[in-house]
Amino acid sequence: MVFVDSNPCVDMEVAAWDLGSGESEVISLCRKGENKTAIIDDLAARKCASTTTEISLLLENGFRIADNLIDIMLRESGERQGN
């Protein structure tokens with residue numbers, strides 16, 4: 001079954017990754033709920049999706065991670081720009 005969201009909304013965090021609009025919409029949609037899978041052929045988008053997913057899973061399962069450490073992980077993975 002293929003699901004098409006007629007009113008896509010890009011998550012603010014995903015928008016900050018500066019990916020293409022299609023990749024941003026797909027990743028945002030997948031982040032909205034459980035059991036959603038996307039096939040992404042863009043290397044940068046795949047890296048962003050996987051790192052964010054792993055961090056989100058840790059946080060959802062009770063791990064506490066300092067904001068500055070999350071920022072470092074996202075910058076190292078190429079998801080966030082900065083020093």
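Taken together, the values in this text are just the output of simple stated rules run on the coordinates, not laboratory data. Small disclaimer: the values here were computed from a predicted structure and weren't measured. Please note: Cβ atoms are built from the backbone with ideal geometry, for glycine as well, and neighbour counts cover all protein chains shown.
Couple of notes before you dig in:
- Think of the chain as a dipole: +1 on every Lys or Arg Cβ, -1 on every Asp or Glu Cβ, centred on the Cα centre; then among A45, L29, I55, I55 lies furthest on the positive end.
- Whole-Å distance, taken between Cα centres, linking region 15-43 and region 59-83: 18 Å
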